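Below is one structure, written out as structure tokens; the observations come after it.
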Amino acid sequence: MTSALPAHSPSGLLFGVAYYPEYHRTDRLDTDLDLMQAAGITVIRVGESVWSTWEPRDGEFDLEWLAPVLDGAQQHGIKVIFGTPTYAVPPWLQVAHPEIAAERRTGAPIPWGARQEMDFTHPVFREHAERVIRAVIGRYADHPAVIGFQVDNEPGLELFHNDHVFEEFVSRLRRQYVEVDTLNREWGLTYWSHRLADWSELWRPDGNSFPQYDLAWRRFQSELTTEFITWQADLVREYSRPDQFVTTCLQYGRPALDDELLNRALDITAGNPYYGMQDRLDSTLERSPLSDWTTSGVPALFRQADRMYSSKQGRYLVTETNAQSIGHSDTNFPPFPGQLKQAAYTFISRGAAMIEYWHWHTLPYGAETYWGGVLPHSLVPGRVYEEIAEIGGELAQIGTTLDGFEPDADVAILWSNPSRYALQFTPPLRAGDRPDSQSYETIVDAFHRGCVDAGRQSRFLHLDQASDLGAAALAERFPVLIAAGIYVTTDAELQLLRDYAAAGGHLVVGPRTGYADAEARARVEVSPPRLADLAGTRYEEFSNLEEDIAVLAASDDLDLGTDAAARLWIDGLIDDDAEVLARYDHPRFGDFPAVTTRALSGGRVTMVGCVPGPSLARGLIRWAATAGPGHELAGDTAAPVTVTSGSLSDGRRAWFVFNWGWEPQAITLAAAVADTVTGETLATGTNVSLAAWSTRTFLSQ
């Protein structure tokens, strides 16, 4: 694992916008580039949205329209990330070849009129996509302004049900299981008379009710997405220089996406974190997300940052994020003054090497008319432009200081995309009167939020990444490891958890962990499977909760607030040989511990039998994880103040301090530091004021 950028990536913090001059109604290239340069913009992303402009008719290319943009960028000292235009198919192609339409259900093509409606595995689409990729990349790959390439855009949006896709699914199942009777056994197809006599009898996914089938289908779809992006990356590398990187931009909630698997073929991770602004960044308030592709709350903003770092366990690029209101015509929540800077430094503090906004100018037409850019519809620079320019000025002052930066981590949290898939098909939690398709994220987020609220920093680790480290190195590097919601597991992965605890690590086990095997079959074992003996705790029953249940500390070691509670779920823990740390205040659930812990020879296993509410999660994490380097700046802080930190390659440490609210705050420095932007030296004991919605950055001396 490394926090460094690829060797061929530029140093310093890149700061930029997606720029589409072709969307303007008049030519204003020079004006735009002058404004960008004045605002400290150092990079633009171009070209990925307009296949029909590159190739207006079949085989007829117009490749020169973008040359003035790249030349102008070069003259203004602005770098360029060049995109392949394969996610938005031109009308002539879908008219000539309607067979390339993707099907969301068997025999039901996605209607044309948006984007990503095509089946990118179809050979006709691939033929035309390769042709346009080779044309545009061949024309511009050697341009001196181009530092890297983005292939496609937010892949994995659809699950394809096309005939040839299903046939490929069956083919891969045959290679994996060989005999149809093996599939019958592994998927439990005796149930409801689903035993197959021949591979040709496998039913379509539309009406499937088997979790085992669905997990295989979702894994297959994520493999298709990975193969498509890898195919594009390989094409681009035929033209790219050694000093240019290849990436794609990810929207992490896509159904056909395994971010860790996909990023193995790319040089650097890039993602598009959108988030709720205004009161949704007030740490004293609770607000639900505005959509399923945005987050709400400070901890969730940090979760997006940590997830991007996790894909390759290294620094990453933010290719899109909020500039103004993001959403459709009924979603108008522009940032409060200061919030854009807070979000930018949040991402930087967790490993971002580039902040790029969607986008430069707000569009006068199209589906994204009200997705606000740096410039409003008037194209006259205003308050948002001025704030962007302020950020650009600060990042210019920081320069290359943060090269080699690695965010600190007091706690590691395991991440499992197969578990995410499985818990979308069979959600354990409820959201009101319906199943919660975000059950996996809800469970994991509860523990991640506990880290943020407790003033501890976290690192997401994909299960494969944790396995690659090995138990001993994992325990040495991450003394606390949270395994919550890790539903789909192999025997080897559960053994890794056992070995981690035996190697001296503190394993925190949350709901649903280990409950199913690699086929999403409930394990026929005492729960938590393979861990009950180490935990000295087991459970036989579990229950959904319709209301929060109060949790009370049962040990002086655990400091919980008066509002500590269990949410949504309870495992009926039975403590055979463990210390009870907390109990429920309830006439029935009070029979079960809420939290138990058991010390091992050098290690420890703690069982959390519920989805912890914020106060319970905060208290648990403060008890489990000692204060890390983040506390070296100003000791313990509490909401609305958040402090994050990371190490530099020269041994120094960087800190980022945020005030997430309207009331001014202050911290007292526990160490001598320098202001990262101004260079001013501040002595130990100095009181540092934090205005409303403000951010400060410091370096150790």
(request) Select from the range 275-325 the residues that are farther than 16 Å from Q339 by Cα and of a type in the set (K, R) and list them in ascending order. (result) R287, R303, R307, K312, R315
(message) Testing S437 on (1) over 30 Å from L29 (Cα atoms); (2) in the same structural domain as Y309 (by TED's automatic domain parsing); (3) of a type in the set (S, T, Y), one condition comes back false. Which one is that?
(response) (2)
(request) Scan the range 250-288 residue by residue and report those that are polar (S, T, N, Q), surrounded by fewer than 19 Cβ atoms within 10 Å (Cβ to Cβ), more than 22 Å from N659 (Cβ to Cβ) and touching a residue at least 40 places away in the same chain (Cβ under 8 Å). (result) Q251
(request) Take the range 55-69 and flag every residue that is surrounded by fewer than 22 Cβ atoms within 10 Å (Cβ to Cβ) and not acidic (D, E). (result) P56, R57, G59, F61, L63, W65, A67, P68
(message) If I go through the range 597-638 residue by residue, how many of them are among the acidic types (D, E) and at pLDDT below 95?
(response) 1
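Quick grid of which residues meet (1) touching a residue at least 24 places away in the same chain (Cβ under 8 Å); (2) within 28 Å of F61 (Cα to Cα):
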| site | (1), (2) |
| --- | --- |
| V95 | no, yes |
| Y140 | yes, yes |
| R174 | yes, no |
| E179 | no, no |
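Out of A409, A367, I need the residue that is over 24 Å from the mean Cα position of the chain (by Cα) and touching a residue at least 60 places away in the same chain (Cβ under 8 Å). Which one? Quick ask: steps written out before the conclusion?
Numbers: A409 fails: over 24 Å from the mean Cα position of the chain (by Cα).
Within the list A409, A367, the selection yields A367.
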(message) Between a residue in the range 678-700 that is on the phi > 0 side of the Ramachandran plot and any residue that is in a loop (DSSP other than H, G, I, E, B), which pairs come within a Cβ distance under 6 Å, given they are 6 or more apart or on different chains?
(response) W693/F336; W693/G338
(request) Go through R567, R538, R530 for me and flag whichever is assigned to a strand (DSSP E or B), among the charged types (D, E, K, R) and over 20 Å from L429 (Cβ atoms). (result) R538
(message) Quick check on my filter: what residues within the range 137-147 are within 30 Å of the chain's Cα centre (by Cα) and not in a loop (DSSP other than H, G, I, E, B)?
(response) I137, V146, I147
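Quick check, is L423 hydrophobic (A, V, I, L, M, F, W, C), crowded, with 19+ Cβ neighbours inside 10 Å and in contact with a Ser or Thr (Cβ under 6 Å, 6 or more places away or on another chain)?
So L423 fits the description; yes.
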(message) Would you confirm whether or not the range 289-298 contains a residue that is assigned by TED's automatic domain parsing to the domain that holds G392, part of a helix (DSSP H, G or I) and surrounded by 23 or more Cβ atoms within 10 Å (Cβ to Cβ)?
(response) yes
(request) Go through (1) surrounded by fewer than 24 Cβ atoms within 10 Å (Cβ to Cβ); (2) in contact (Cβ under 8 Å) with a residue 60 or more places away in the chain and name the single condition G635 misses. (result) (2)
(message) Among (1) free of Cβ contacts under 8 Å to residues at least 24 places away in the same chain; (2) among the acidic types (D, E); (3) in contact with a Leu (Cβ under 7 Å, 6 or more places away or on another chain), there is one condition E441 misses while meeting the rest; what is its number?
(response) (3)
(message) Checking A471 against (1) over 20 Å from A516 (Cβ atoms); (2) surrounded by 24 or more Cβ atoms within 10 Å (Cβ to Cβ); (3) of a type in the set (A, V, I, L, M, F, W, C), only one condition comes out false. Which one?
(response) (2)
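Yes/no per residue for (1) surrounded by 14 or more Cβ atoms within 10 Å (Cβ to Cβ); (2) modelled with pLDDT under 95; (3) part of a strand (DSSP E or B); (4) in contact with a strand residue (DSSP E or B) (Cβ under 8 Å, 6 or more places away or on another chain):
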site: R115; (1), (2), (3), (4): yes, yes, no, no
site: R134; (1), (2), (3), (4): yes, no, no, no
site: F149; (1), (2), (3), (4): yes, no, yes, yes
site: E154; (1), (2), (3), (4): yes, no, no, yes
(request) State which residue pairs qualify: first residue under 9 Å from Y500 (Cα atoms) and inside the range 464-481, second residue assigned to a helix (DSSP H, G or I) and of a type outside the set (A, V, I, L, M, F, W, C) in any location, beta carbons under 7 Å apart, and separation of 6 or more residues or different chains. (result) A471/D499; A471/Y500; L474/Y500; A475/Y500; L481/Y500
(request) Search the range 631-669 for residues being among the hydroxyl-bearing types (S, T, Y) and assigned to a strand (DSSP E or B), and hand back the single one that is farthest from the chain's Cα centre (by Cα). (result) T668
(request) For S325, state whether it is buried (at least 19 other Cβ atoms within 10 Å of the Cβ), modelled with pLDDT under 95 and either of a type in the set (S, T, N, Q) or touching a helix residue (DSSP H, G or I) at 6+ places or on another chain (Cβ under 9 Å) (or both). (result) yes
(request) Assess whether Q232 counts as being farther than 19 Å from P418 by Cβ, assigned to a helix (DSSP H, G or I) and without any contact (Cβ under 8 Å) to a residue 60 or more places away in the chain. (result) no
(request) Could you please give the count of residues in the range 597-617 that are among the hydrophobic types (A, V, I, L, M, F, W, C) and farther than 26 Å from D585 by Cβ? (result) 2
(request) Can you tell me which residue among L568, L545 is more than 23 Å from T626 (Cβ to Cβ), in contact with a strand residue (DSSP E or B) (Cβ under 8 Å, 6 or more places away or on another chain) and surrounded by 20 or more Cβ atoms within 10 Å (Cβ to Cβ)? (result) L568
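The values are calculated or read from the model by the stated rules, or taken from the named source; none is laboratory data. These figures come from a predicted structure and were not determined experimentally. Here Cβ is always computed from backbone atoms with ideal geometry, including for glycine, and neighbour counts include all displayed protein chains.
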